[in-house]
1. Which value results when the Cα radius of gyration for the chain is divided by 2.2 N^0.38 Å?
2. When Lys and Arg each count +1 and Asp and Glu each count -1, what net charge do the other residues less than 13 Å away from Ala146, Cβ to Cβ, add up to?
3. Within the stretch 2-153, what percent of beta bridges assigned by DSSP are antiparallel, to the nearest 5?
4. Tilt of helix 2-17 relative to the longest C-alpha principal axis of the chain, in degrees (0 to 90, nearest 10)?
5. For Arg17, Arg22, Arg96, what's the fewest-to-most ordering of other Cβ within 10 Å of each Cβ?
6. What's the magnitude of the charge dipole for the chain around its Cα centre, counting Lys and Arg as +1 and Asp and Glu as -1 at the beta-carbon? Answer in Debye, nearest 20.
7. Counting other C-beta atoms within 10 Å, which of Lys31, Lys98 has the fewest, and how do the rest follow?
8. Across the stretch 1-47, what fraction of all alpha-carbon pairs, as a whole percent, falls in each successive 10 Å bin from zero upward?
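Each reported figure results from applying straightforward, stated rules to the coordinates on display, with no laboratory input. What you see is a predicted model, and the numbers here were worked out from it, not measured in a lab. Please note: Cβ atoms are built from the backbone with ideal geometry, for glycine as well, and neighbour counts cover all protein chains shown.
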Amino acid sequence: MSGLEDLYREIILDHYRTPRNRGELEPPAIKVDGHNPLCGDEITIYLSVDGEGEDAVVADIKIGGQGCSISQSSASMMTSAIMGKPVTEVAAVMRRFKSMMGVEGIELEDGDDALDLGELEALQGVVKFPVRIKCAVLSWNTLANAIDEALADS
């Protein structure tokens, strides 16, 4: 298992050192800030959605902020995992990820268990450190707020 843990550690460090989709989007993109007051992690999500309702698709997403390697790499991996996907699929990935993180109150829907999380699975070791779970899900909670706002505006 050590080899797999080393690989996962490398994926996390790679996304931390070289975050994907870092930057800002100009309005009318949605901008939502997230903050973890327990550790000081901050994330800003810039989200552009094309379409409305169930037909809405993540057209573009950028991230900003600062924090620990877990929060920042999770945000980077998240952007890569959801870019160009319908918001209904993004919601499924979000449920699956939060379930993997052991977040309570997450009810998976049919098919969610079968979703391949790709590089996001590198973060599954975080569950061994319960205090760090909030770091890993900060960007996902912020994304949920951004999607809600984007759909309310459409």
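1. Numbers: Rg = 14.8 Å, N = 154, 2.2 N^0.38 = 14.9 Å.
Here the Cα radius of gyration is 0.99 times the empirical estimate.
2. That works out to -3.
3. If we restrict to bridges inside the stretch 2-153, about 95 percent are antiparallel.
4. Taking Cα atoms only, the helix is inclined about 40 degrees.
5. Numbers: Arg17 11, Arg22 14, Arg96 21.
So the ranking, lowest neighbour count to highest, is Arg17, Arg22, Arg96.
6. The calculated dipole for the chain is roughly 760 debye.
7. Starting with the residue having the fewest Cβ neighbours, the order is Lys31, Lys98.
8. P(r) over the stretch 1-47, rounded to whole percents: 22, 31, 32, 12, 2.
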